[in-house]
Structure formats: C-alpha cells, structure tokens
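The structure under discussion appears below in the form of structure tokens.
Values quoted throughout were computed directly from the atomic coordinates according to the rules given, and no laboratory measurement underlies them. The model shown is predicted, which means the values in this text are computed figures rather than measured ones. Here Cβ is always computed from backbone atoms with ideal geometry, including for glycine, and neighbour counts include all displayed protein chains.
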Amino acid sequence: MGKYAIAALGVTQQGKLPGSTSEGLAAEAVDLALTDAGLPRRDVDGYIFQPGIGGQNNGRAATRSALGTGVVFEMQSGGATAILALAAAIGLLESGACRYVAIAHGTNARSRQVNVGGGKRSARDPGAFFGMFSPAARAAMATRSYFARYGRESKDLGEIAVALRRHGELRPDAAMYGRSMALSDHQDSPFVVEPIRKYDACLITDGGAALVVTTTERARDLDATPVLIEGIGATHSTGGRYFGAHEWGDADITLGASATSAFESAGMSLSDIDVFEFYDAFTILVAQQLEAYGLCGPGEAADWIRDGNFRYDSPKPCNTSGTEHSWSYLQGFTHLSEAVRQLRGQAGPTQVDHPRTALVTGIGTTDAGNSHATAILTVQ
Amino acid sequence: MTETDTTPAVPAPVVTPENERFWQGVDNGQFLLAQCLRCGAFDLAAQACVACGGTERDWVEASGLGTVKSFVVFQRAYNDYWATRVPYNVSVITLDEGPELLTNIEDVDPADVRIGLPVRIVCRPRGEFTAPVAIPR
C-alpha cells in the first residue's frame, strides 16, 4: 500500500445551514476540494457519493460540478461508507477505469429536521411490530450489556461525551464551538432510549465533505500535501439474526478483526499511530473501539479517559475535532476529513504535534447487520 | 351507530418466505423454530445456516424458554401506535435453543426487568396480529 493517496479535501461550513440542499453541499465540497488541490474539474472522472442521512441523493452534484465523470455510483454502508469508498476508489484507479475519483457526502438533515428512526419508512422495518426503532435503540441494547458485563454506568459514558465536547468546543469550525459540557450536563440530559441519554448520541447537522483519490505519484503534482492510504480493513457482523435489531454485541470480535486487517495491510501496529479518529455516533461505540483496538483494557475506556488520554495534546489523541458529537455528523466523512487535516497540519486549535500516521474508523448498520471499517493514513 | 376506533394500528410484522412458517405458528399459538437438517442448529427463519452453511431445514416446536440478554426502555415515541405505550421495553431474548428473539417483556414490573431474567414465550393478540411476547417464568 501507499501507492494511492488522498490528493484533495473540501469541507463546507457545518451546523445549521437553512436553505441548504444535500446536492448543493456535496457540490460545494467537491468544488472546495478541486480548489484545494488545484485540480481541473474535467480531470475528475470518477464520482462516488453517499446520500445524506434521511436518504438524500447527492448524485446530481457531479453534474453541478461539471466533472469529467466516466463513473458515477452511490455507496451505502452507513458510517463505514467513507472508508469503503476509499477502497472502491482504489479499485477504479487500479483497474484503469478512472484517474481521479471524487468521493462526496452532503446532508441537510438538520434543516429538514430529519427524524432518525421515525417516519413512515421505519414503520415497515421488522422491529416495528415490537416497537424497536432507531440506531439509538440498538446502541442502547449494547450499552446495557456493556454496563452489566463490566460494572459500568451512565456517567462512565458521560466521560466520553465530555471528552468529545472538549475538542469541539475549541474548534471554530465545529457546531459546538464555544459550548462547553460538564459531566452533570450529560447526566441531566434525558433518556432517549434508556440507557442512552441525549448526550450519548451524536448531532444532526447540515454540511458536506469531499475528497479526491488518485495515485500518490499524480497527487504529488497537485497543490495539496498527499495523504497516503496505507491500509484498509473491514468486517461485518452476522448480528441481526433476530427480527429488526442489530446489536453491537459482538463488538470485541468484529471491531478487533477490522483493526488487525488494516494493520496487516499497512504493515504497522498500534504503536505507529499518532492520532485516532474513532466513529462516534454513540458514546458506547467509542468505548467499544478504544477497548477493541487495545488502547485500554475491556471495560476500561472511561478510566483511560479520566487518566488524561484522548485529549488532543496527550500521547494518544482521539477524535480531535469533537467529531460527530461536537463537530458535525457527516457519517464517516467526519472522521476521514479530520484525519486528513491533522496529517496536513490544518486542524487549528486542536492540532496534534506533527502526526505522521492516523487511524480512522467507520461503523454502520446495513440490512445484514453492522459494518465496520478501518483506514490507516500517512504523510511523508 | 358504532364509534369509529381512531387509535393508530400497530405496524405489521414483516413476513417473508423464509419466516412465514414462524408467523403462521404464532397465529396458531405455536412457537416454532427452523432447525438445520445438517447440524441441528436453530434459527427464526428458514435461511442458510450460520453455523454450517446448510440450506435444508425443518420447522419444529420449540421450548419457548429463554433468558433476557439485554433490553431497552423507550422514553420517546418514533411511531403513532407506540407513542401511546411509552415508556415501554424492547428486549432481546436468548432462547434456550440458541437464536435471539426481539420482543417485549410483559406481565412484569419494569423495575424487575433485568439481564438474565428467565422468561417463556407466549402468543398474544396485538392489533389484528399475534405477537410472541416474553413473560417471566
């Protein structure tokens, strides 16, 4: 690996953008990426898009940006899509079908007030007969199991919410800029689906992000610092064997396997990673990943954070923009864009000191269970 | 003139060719599971066996016994029917035969619902359908 790189990154304003459309935000992000790299728009001959939450289609962004696309398709694996799209882009490049592949995501879920888990469509899910709705409920199932297995409680997950907000609070580009959160705020927030509280779940926001993938050799001819794709791993659970609910109950098996696979394809290990961007739709996912990836022992995520880890200025910096809890909810594009910014030295107030290697994850729900993907990125 | 019932209807169970026999059984008060003919593993639907890859199954009457693996309590509504039932629990039951069933626990004080609670499955009317629900045993 290392033959392919992220040559361009475009990130729009994030948060509440009244009047925005998902196509418009995806197109804006693509345009920003083209400017970032000095890449002529007609050179982009591949376009992979992930619809925003609520199923908004971003395919038209390719037309709006007047790309020279020969290949356009949609990908959907929830939060794992961004990383899997990197792998798909590598396939298009390696096969000779494309020379520059743009990957984009745009969402105006906040302005449209998308009710995640509700609505007419969710009433047709297998779990609806039993009242099971929303990703929050699935995370809540896993959370209760976690509490019971390790003797943990809500305030342990609160440490994660507070740690994420601590980063978002410092970043002018974050939805939660300037808005601090104390553990008591987390504990006072109402249960959504018990035991998940409001602050155990991520934001719903408007925004877009786009990247361009090409060969490292071609990336070096462009204006931005290439971010090399060193390794990719992915796993998918066989969970969801009962009607409607996909529990992350097998997290330690499923998540760990993806990490192993990514490290092997990169020829690296945990100690090589300078900065981590873990998928954080729910606080329980962060706990599970910190433990499954070996940063701390099983059940010890909250203690590890209390010990001062996780902070952007600590030896093990994580989720440095505040990611989905405090920066913006672009599914896996949130973490991928922050990793690229960190490696380029563009993360502003929460910049890690000269990181060379970043690890990014994504977690999603498909009709077959739960997806998980891992990417390892470097700069030279 | 009779009063019109304006309460929302419960969302229908999703019946597929693979699980149709399960739902027919529930309608008749039977709790059936699909057993793999090659290795004996059980599933809630007649689909390829996760344990061995076998594709041949028989539907057999199951014990209906299990224990609570995990559960959640909905404090907000995502649906008009279920809005009238908030707060309500949804649980995952590990059946004695192995498969995991998503359902609701009834006939129990919410404070007594816990991981590991032994339950049995009973078939009860729910709207125009029948639901396999868990009750403490």
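Tell me which residues come under 5 Å, amide H to amide H, from residue B:31 once H is placed; ignore anything under 5 positions away on its chain.
B:62
What percent antiparallel are the DSSP beta bridges of the range A:1-107, to the nearest 5? Kindly include the intermediate steps, with their values, before the conclusion.
Numbers: 1 of 11 bridges.
Just about 10 percent of them are antiparallel.
Skipping prolines and chain starts, which residues have an amide H placed within reach, meaning under 5 Å, of the one on residue A:310, given they are 5 or more residues away or on another chain?
Residues meeting the criterion, in which the H sits 1.01 Å from N, are A:316, A:318.
If you plug each phi of the range A:291-299 into the Karplus form 6.51 cos²θ - 1.76 cosθ + 1.60 with θ = phi - 60°, what whole-Hz ³J(HN,Hα) values come out, in order, with x for Gly and Pro?
Values, residue by residue: 6, 5, 7, x, 6, 8, x, x, x Hz.
Can you give me the C-alpha center-to-center distance between the range A:302-380 and the range B:1-80, rounded to a whole angstrom?
Cα centroid of the range A:302-380 versus Cα centroid of the range B:1-80: 39 Å apart.
Run down the lysines and flag those whose C-alpha is under 22 Å from the C-alpha of residue A:16, throwing out any fewer than 8 positions away in its chain.
Within the straight-line limit of under 22 Å, residue A:16 reaches these lysines: A:198.
Under a cut-off of 26 Å between alpha-carbon atoms, report the lysines in cross-link reach of residue A:316, not counting same-chain residues fewer than 8 places apart.
Result set, ordered by chain and number: A:155.
What does the charge dipole of chain A about its Cα centre add up to, to the nearest 20 debye, if the Cβ of each Lys and Arg holds +1 and the Cβ of each Asp and Glu holds -1? Intermediate results must be reported in sequence, preceding the final value.
Details: 32 positive and 40 negative charges, 179 e Å.
Taking the Cα centre of chain A as origin, the dipole is about 860 debye.
Pull up all non-local amide H partners of residue A:52: gap of 5 or more, or a different chain, and H-to-H distance under 5 Å with H placed in the peptide plane.
Here the answer is A:58, A:106, since their amide H atoms fall under 5 Å of that of residue A:52.
If one takes the longest principal axis of the Cα atoms in chain A, at what angle in degrees, from 0 to 90 and to the nearest 10, does the Cα axis of helix A:332-344 lie?
Orientation of helix A:332-344: about 60 degrees from the principal axis.
So for chain A: antiparallel DSSP bridges make up what percent, rounded to the nearest 5? Working shown, then result.
Working: 40 of 56 bridges.
Percent antiparallel among DSSP bridges in chain A is about 70.
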